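All remarks here apply to the structure that follows.
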Amino acid sequence: MSTVADLTVTPEPEDVSERPRRRGLGLALAIIGGAQLMIVLDGTIVNIALPHIQTALGFSESNLSWVVNAYALALGSLLLLGGRLGDLLGRRKMFVTGVLLFAAASLAGGLAVNEGMLITSRIVQGMGAALASPAALALITTTFPAGKDRNRAMGVYAAMSGVGAAVGLILGGALTEYDWRWTFFINVPIGLLVAFLAPRVLVESDRSEGSFDLVGAVTGTLGLVGIVYGLTHAASPTGGWTSPITVGSLIGGVILLVGFVVVERRNPHALLPIRIIADRTRGVSLFVMLVVGAGMFAMFYFLGLYIQQVLGYGPLKAGLAFLPFSAAMVLGAGIASSLASRIDARWISGPGALLAATGMWGFTHLTIGSSYASDLLPWIIVLAVGMGLTFVPLTLTAVAGVDDEDSGAASAALNTAQQIGGAIGLAALTTVFSHAFRSSAADLGASLQAHASSMTPDQLKQSSQLIPLIAQTDASTRGFLVGTGMLVVAGVVTLLALNVKHEELAAREELQGVHIG
């Protein structure tokens, strides 16, 4: 699920002779935009198919979140490395490689016959996206001449990032109505067509000098995997917080992340130069984006399951039910954009996060008899407007004022924070959900057993069928309550710690030429 606005890298020297003719620029734009749309919508297209995937492949409640988390974790943890590989080996080459890897993994996902095969395919999809996405953005600067053409290309690229979530929900619903496997198969012809046309239309970039930060990539990725796996294992019936596997994974993950910080401090070619997050403004922005990403992932995941499994919506109807979220988020982002030049970022993002928390809190009152129009839609709109208000100023504060040499890493760090925050947050909230589900189901079962003698066989059957639905609703509201707390923390931290002035922010943007797309 990628909704954060992307950012351009520093423009390279113009070489008009190597650029495609104007009539070829439209095709180049279609290739880059199509690939970005394919990558972005994959974050939400699978959400609608989750109940059907769970039934077809036998996923447990705790393991189902890996269908989402495997992709987000691979994409988020390897995004910085993907950008670096593009710089060193050629961005067009990495773009084509990433798209082909993504298409192949999509084919494998559509053919999956068990949990392991699907989760592995999602990991490889994330790896392909981590190679293709940063290369796609950078290729705009090598393919399109500066000025109107490049600005238009940036606008289309940003639009693909923005509408990807909405398109993914609707397309995911429509495809799942036919067969959930087509939510994966749809990527194969698109990926092959893009990979075929890209070498013929897109201009290759010059290769930079430097080296791979392989140690940083390994320690960072394994550290994040350890934490997410530990949190997910704690949710399983055989796990728990005291399980040696849970404790070992969490401790190992923390140790590896500490090692990642040590490596990045000493490596002159670090994937994530520590000076980027050491700056107070950027550090706070990335932290808040991480927390907000956790809340957003949880909303799509748990609400998608609730709408289909409890309220009984079909896949397409469920996808359409989320459309107001996209529209309201665009509204919030537009308001934030118009205010950013006149009001300090903290007074936009802070209240925005608290407004989003209010929307999340509204979901804590859901029951099995809730109505979409009165119990879901108002809170979806409140949450989405709050998210829109939060994202735009944080995008500005996270990248404004970075040195030219760090502009690519800072841009990638922003998207990485959202993806990793979503993966860690969803893993933590899945643990909350799983424990609450088992507890609620046990209590309801015991109550039914105590009153069984006074019930008719039909009443007993109906009550038994309601137990998993009531338990799921109770567990979801518990997850939404914890998600509310996360967003409150994000809002308070923003108000207290994000102290950059809008005048200073504008000066940084003008000095560094940061383009918000």
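Only one of the numbered conditions (1) crowded, with 24+ Cβ neighbours inside 10 Å; (2) free of Cβ contacts under 8 Å to residues at least 24 places away in the same chain is violated by residue 304, and that is (2). Take the residues in the stretch 50-106 that are in a helix (DSSP H, G or I) and of a type in the set (Ser, Thr, Tyr), then tell me which one is surrounded by the fewest Cβ atoms within 10 Å (Cβ to Cβ). Only one residue fits best here, namely 55.
Within the stretch 252-304, the set of residues being outside any helix (DSSP H, G or I) and acidic (Asp, Glu) comprises 279 only.
Just so you know, all these numbers are worked out from the coordinates, no wet-lab data involved. Not measured: the values here are computed from a predicted model. Cβ coordinates were reconstructed from backbone atoms using ideal geometry, including for glycine residues, and neighbour counts include every protein chain displayed.
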